[in-house]
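The values are calculated or read from the model by the stated rules, or taken from the named source; none is laboratory data. Predicted model only: the values in this text are computed from it and were never measured. Don't worry about glycine lacking a Cβ; one is built from the backbone with ideal geometry, like all the others, and counts go over all protein chains shown. With ligands, DNA and RNA removed, areas are computed over all heavy atoms of the protein, side chains included. Shrake-Rupley method; radii C 1.70, N 1.55, O 1.52, S 1.80 Å.
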Amino acid sequence: MTDLHRLSIRELSEGLAGAKFSSRELTEHYLKRIAKLDTQVKSYVTVTAEQALAQADAADASIKAGIATALTGVPIAHKDIFCTQGIKTTAGSKMLDNFISPYDATVVAKGKAAGLVTLGKVNMDEFAMGSTSENSFYGATVNPWNLGHVPGGSSGGSAAAVAADLAPFATGTDTGGSIRQPASFCGLTGLKPTYGRVSRFGMIAYASSLDQGGPMAHSAEDCAYLMNVMAGHDAKDSTSVEKDVDDYVANLNGTAVKGLRIGIPKQYFNVAGLDADVKARVEESLKKLEEMGATLVEIDLNMTEAYVPTYYLIAPAEASSNLSRYDGVRYGYRAENPVDLTDLYKRSRSEGFGAEVQRRILIGTYALSAGYYDAYYVKAQKVRRLIQQDFLKAFELVDVIAAPAAPTTAYKIGANLSPVEMYLGDIYTIAVNLAGLPAINAPVGFDKDNLPVGLQLIGNYWSESQLLSVVHQYQQATDWHTKRAAIAEENA
């Protein structure tokens, strides 16, 4: 079959179970596509062909023996921030270019237990710091919809691999929008779960109180299948919450759109820099949901202006602390011929880290320093609580909150936006991480240049099932999630 990459996760699962094709055939199909097309897309850092075929053969044996799960034999790509035993795990950085993980992240281990076949590790902004996937030691990944544009970041490799049909779905991580923004730029569905819903064990840390793993795929249904594997308590992760996990696939029709109250923050639609096409597509999608029976309710989110400064104090501060372990002594990059210990530290870090990572470490170290800790970091944490309370007050009036996922469509590669311009592009996503809320991106159309536009829906705590259900029903009534970039239509 030459069109296996056009099948949904459900169709792949049913096809494998019904012996219409084997996992080996499916895996070989994707490996051939990667070999043919990824020289253009540049989404993979490491392709694990030999291991993938061995896993596929084991999956076929499980299916034949009648002990398969719903996802046994289905291929997946992992963001190169999840540790994978015996495979290079780089976080997109020179600092970890030689790091072979001795263990699996919980997300990876759960995938293996479910019978998923790992195709490889995909590119990302270094240590998840960036919005374009240009901040990678391995070079820029490109957007399959237009190879002259970025796929977003930091999970740009995950988004590009799925958008080019080089993997059926992928794992991503979201610290300030790094699942939702690339999903928006690449015309995908991407879910950022409630903080604590998905284990962070083995997920290389950027900002520990903000990072959260989640699924990226073409549709809400595809994401639900992966969430059934990823979600759940993990004793190895102190930030993981012990709470029952929904069957996200079974609940896809569990929330009625009719009667759903969708909050429309008036501040979000008056932000300077909101592209006219983005605003129009988002408003059209909300009108469609209204036609399906939802009620649009105007709300106030008064803390909007505090999002960016609060995030860009807390996240770099936590990054400064987390990245202090990369010192050239224990593992990772080590400068050659140091004259003394201080020289080893300085050169290992200045040579191993890229410019954006160094910038955020410096900001964070400054914010945590003795003279400024109370003035900056402590104050930012207090404002963070106010942002959370702002959302909780809104959820007394509405069920979900709607917003663009990003103020623009995908930037051109090499656009050379200033750091501040880049940070302002996160205006619609970072508050969700500050508050620990779940949110999802859904594709809702294109701009005048045929670049995808995304609608973001933000839910209250633990409402992943509701978000997936609302987007699933929207996707039953529309076909934006079925659109494919030209490169994805090519057969291997």
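Restricting attention to region 232-264 and to residues that are within 30 Å of THR365 (Cβ to Cβ) and either without any contact (Cβ under 8 Å) to a residue 60 or more places away in the chain or outside any loop (DSSP other than H, G, I, E, B) (or both), the residue that is least open to solvent (accessible area, probe 1.4 Å) turns out to be SER240. Every test in (1) open to solvent by 10 Å² or more (accessible area, probe 1.4 Å); (2) touching a Pro at 6+ places or on another chain (Cβ under 9 Å) is passed by ASN416 save one, and that test is (2). Screening SER321 with (1) assigned to a helix (DSSP H, G or I); (2) over 30 Å from ARG347 (Cβ atoms); (3) in contact with a helix residue (DSSP H, G or I) (Cβ under 9 Å, 6 or more places away or on another chain) gives one miss only, at (2). Residues that are open to solvent by 40 Å² or more (accessible area, probe 1.4 Å) and not in a helix (DSSP H, G or I) within region 267-296 comprise GLN267, ALA272, GLY273, ASP275, MET292, THR295, LEU296, listed in sequence order.
Taken residue by residue, region 338-354 has no member that is outside any loop (DSSP other than H, G, I, E, B), open to solvent by 70 Å² or more (accessible area, probe 1.4 Å), closer than 30 Å to ALA435 by Cα and at pLDDT 95 or above. Apart from one condition, ASN123 fits all of (1) of a type in the set (S, T, N, Q); (2) farther than 28 Å from LEU7 by Cα; (3) within 17 Å of the chain's Cα centre (by Cα); the exception is (2). Name the single residue, out of those in region 322-337 being open to solvent by 70 Å² or more (accessible area, probe 1.4 Å) and within 27 Å of the chain's Cα centre (by Cα), that is nearest to GLY364 (Cα to Cα). Within region 322-337, the match that is nearest to GLY364 (Cα to Cα) is ARG325.
When residues in region 26-66 are screened for being assigned to a helix (DSSP H, G or I), in contact with a Leu (Cβ under 8 Å, 6 or more places away or on another chain) and under 24 Å from GLU134 (Cα atoms), 6 of them pass.
With surrounded by fewer than 24 Cβ atoms within 10 Å (Cβ to Cβ), within 24 Å of GLN358 (Cα to Cα), at pLDDT 95 or above and over 14 Å from the mean Cα position of the chain (by Cα) as the only criterion, which of TYR103, TYR138 stands out? Quick ask: steps written out before the conclusion?
Values: TYR103 fails: within 24 Å of GLN358 (Cα to Cα).
After applying the criteria, what remains is TYR138.
From the list LEU71, LEU26, LEU4, pick out the single residue that is touching a His at 6+ places or on another chain (Cβ under 6 Å) and either free of Cβ contacts under 8 Å to residues at least 60 places away in the same chain or among the hydrophobic types (A, V, I, L, M, F, W, C) (or both). The unique qualifying residue is LEU4. Across region 143-156, the qualifying residues are those that are open to solvent by 10 Å² or more (accessible area, probe 1.4 Å) and of a type in the set (A, V, I, L, M, F, W, C), and the one among them that is farthest from ASP174 (Cα to Cα) is LEU147. Residues of region 37-65 that are surrounded by fewer than 18 Cβ atoms within 10 Å (Cβ to Cβ) and either over 25 Å from the mean Cα position of the chain (by Cα) or over 30 Å from ILE413 (Cβ atoms) (or both): GLU50, GLN51, LEU53, ALA54, ASP57, ALA58, ALA61, SER62, LYS64, ALA65.
Can you go through LEU424, LEU417, LEU397 and tell me which one is of a type outside the set (Ser, Thr, Tyr) and modelled with pLDDT of 95 or more? Lay out the reasoning, then the answer.
Numbers: LEU424 fails: modelled with pLDDT of 95 or more; LEU417 fails: modelled with pLDDT of 95 or more.
None of the other options fit; the residue is LEU397.
On inspection, GLN456 does not qualify as modelled with pLDDT of 95 or more, among the polar types (S, T, N, Q) and open to solvent by 10 Å² or more (accessible area, probe 1.4 Å).
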